[in-house]
1. Have a look at B:Y146, B:Y125 and point out the one that is under 17 Å from the mean Cα position of the chain (by Cα) and surrounded by 13 or more Cβ atoms within 10 Å (Cβ to Cβ).
2. Out of B:A40, B:A15, I need the residue that is at the interface with chain A (Cβ under 9 Å from one of its Cβ atoms) and at pLDDT 90 or above. Which one?
3. Among the residues of the stretch A:109-137 satisfying the criterion of being among the small types (G, A, S) and at the interface with another protein chain (Cβ under 8 Å from one of its Cβ atoms), which is surrounded by the most Cβ atoms within 10 Å (Cβ to Cβ)?
4. I'd like to verify a number: residues in the stretch A:224-238 that are surrounded by 24 or more Cβ atoms within 10 Å (Cβ to Cβ) and more than 7 Å from every other protein chain (Cβ to nearest Cβ), how many?
5. What is the number of the single condition among (1) more than 21 Å from the chain's Cα centre (by Cα); (2) over 26 Å from B:A54 (Cβ atoms); (3) surrounded by 15 or more Cβ atoms within 10 Å (Cβ to Cβ) that B:A110 does not meet?
6. Is at least one residue of the stretch B:180-193 farther than 21 Å from B:V96 by Cβ and free of Cβ contacts under 8 Å to residues at least 12 places away in the same chain?
7. If you take the residues of the stretch B:26-77 that are β-branched (V, I, T) and in a strand (DSSP E or B), which of them is nearest to A:W121 (Cα to Cα)?
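The values are calculated or read from the model by the stated rules, or taken from the named source; none is laboratory data. As the structure is a prediction and not an experimental result, all values here were calculated from the model. Heads up, the Cβs are rebuilt from the backbone with ideal geometry, glycines too, and the neighbour counts pull from every protein chain shown.
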Amino acid sequence: MQSHPFRADGPPTGGTIGKGARVQRTFLRSISYELMGLLIFVAIFHLLSAIGAALDETGLLLVSLVMAVVPALLWLAVFYRMDRAEPEPKQLVLGVYLTGLLLMAALYQPLFGVLFAMEGWLRVYWWSHLLGGVLVTGMASMAIVYAAVRIVAFNNPEFDERLDGVIYAVAAGLGVATVHNFVYVVRYGGVDLDVGSIRIVVNALGYAGVAGMLGYFIGQARFEKTSVFYLPAGVVLSAALLGLYFFLIEQTASTGLRAEFWRHLLLGLFLTLLIMGAVSWLVRRANEETARVAQLAATGDRWEPKPVEIASDRGE
Amino acid sequence: MLWVDRLIKPSPTNAPPSPGEPVRNDLAVATTVLFALILALGVRNQVYNAAQYATLNDGRMRIAYPDRWVLREQDDSGFTAVLLAGSSAYATRVEVSSRLLREGETLEQARFERSLQLASELTAYRELESVAMQVFDGAPAIVTTYGFVADPMSELGAIDLPVVVEAQDIQFVDDGWVYVISLRADATLWESAAHSFAVVRNSIRLRTPDDTGSAPEAVRGFEGVARP
């Protein structure tokens, strides 16, 4: 944590291979704990759903607003477990979370309500739902995640390994998700505690998971020379994943007139595990490759590009 | 796979980013996001403008209605298209009717007759505004905005509160026929139905007279009488 990644005596590493494997295991274990925590959160509110009927409108709104924040806090708590060998400063993670939250809060109504007026057209056709989800919700949310990490954490010396990119981006994604959850709760004047808790968890899972993917790209750009297309590709890929995530969830979660909210949750859990697994694998491979190249450089070997094998495949 | 290799190792030599690279990346990301949002505006407009067409009077008239609306009660002189998936008991709709222009009859007289008819048929009919406009290649039209109370659930045999409906009639003469295009929606949903109604209005090229951009001239109002 204390060493700067751009060392004068060698190339930047952005993490070491031995540490990478350890971080990898901790990462996956922490994600599992997080998912368990979220399931417990849903189960508690499901069991307590009868309380909702006893609350007046203000009480329900207050409980719902607390619900909107809990998944984000659970995630943030998990990061400290995940990153306990080299924990990121709490203020920095919180700063990224709040920046993501404030940016989304400032832009939510002007962007989604006024400029794009999403309610009027998003769900009219399946293709408008998918494209709108990717191009508006996805791109705007990922741009905010990128901006939050870039403004608050990118140039900070504490950002000293690739996984930090994932952590800060997930924190920013949770800020974005918190605003979406607030809006959801306020729009309906409080929510049913059982159904609402599922919806809120699904939102948090989606934004956190996909922001993690963008965080991988940000982490790479922090430590390595990248092409001009690298980060835009990361934003586009993450936005596409986010749009697809919510599209799949809404398309598969209802049968006829009845909405199956548990399907929301199960699919959300599955997709988040898939995305987080991919991010975890990418971080590990990137760290391994970096260590390999650094070792070659240290032993005096020179990096050479591999010849492209074309002729043999064509049978020429 | 080259793209996966590039994804994992953007710099094969571990070269650190140059000092100007973060700013370059910022600009690249901003450009990409801006491009995507412009594309999204295109998608939105595509949804708004998606339309179907109904033809009247042996193909003399062709009027569009939103693609996702359902056509009802179509004959050669008119049709009704409704939005079934709306949130109000009163479905947002367009009702089109036509008849032959009588000898010596003017558009103003036709409008007056229409207002009398609505006042006698609708509950709590209130005419709010009537303005002169143009359709197609400059043909005069009168656009009348009014309100009334409907009770759609009682028609279905259920008990519910009545609905205040906001409506706008576009009346014009074309090729010896008087056309009335009536756009109607629950008053609370009138604003949100604007994009759907624009599909209908655009298909007849409804505009202010001579495209002056000035406020359209008010037509003498009809004092609506509430039906008891």
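1. B:Y146
2. On the way: B:A15 fails: at pLDDT 90 or above.
Of the residues listed, the single one that is at the interface with chain A (Cβ under 9 Å from one of its Cβ atoms) and at pLDDT 90 or above is B:A40.
3. A:G132
4. Residues meeting the conditions: 2.
5. (2)
6. Yes, some residue in the stretch B:180-193 is farther than 21 Å from B:V96 by Cβ and free of Cβ contacts under 8 Å to residues at least 12 places away in the same chain.
7. Our first condition is that a residue be β-branched (V, I, T); within the stretch B:26-77, this holds for B:29, B:31-33, B:38, B:43, B:47, B:55, B:63, B:70.
Next, from what is left, pick out any that are in a strand (DSSP E or B): B:55, B:63, B:70.
Numbers: B:T55: 26, B:I63: 22, B:V70: 17 Å.
For the stretch B:26-77, the residue satisfying everything is B:V70.
Conditions tested, residue by residue: (1) touching a Lys or Arg at 6+ places or on another chain (Cβ under 8 Å); (2) among the aliphatic types (A, V, I, L, M); (3) in a loop (DSSP other than H, G, I, E, B).
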{"residue": "A:S197", "(1), (2), (3)": "no, no, no"}
{"residue": "A:A204", "(1), (2), (3)": "no, yes, no"}
{"residue": "A:G209", "(1), (2), (3)": "no, no, no"}
{"residue": "A:L214", "(1), (2), (3)": "no, yes, no"}
{"residue": "A:I218", "(1), (2), (3)": "yes, yes, no"}
{"residue": "A:T226", "(1), (2), (3)": "no, no, yes"}
{"residue": "A:L244", "(1), (2), (3)": "no, yes, no"}
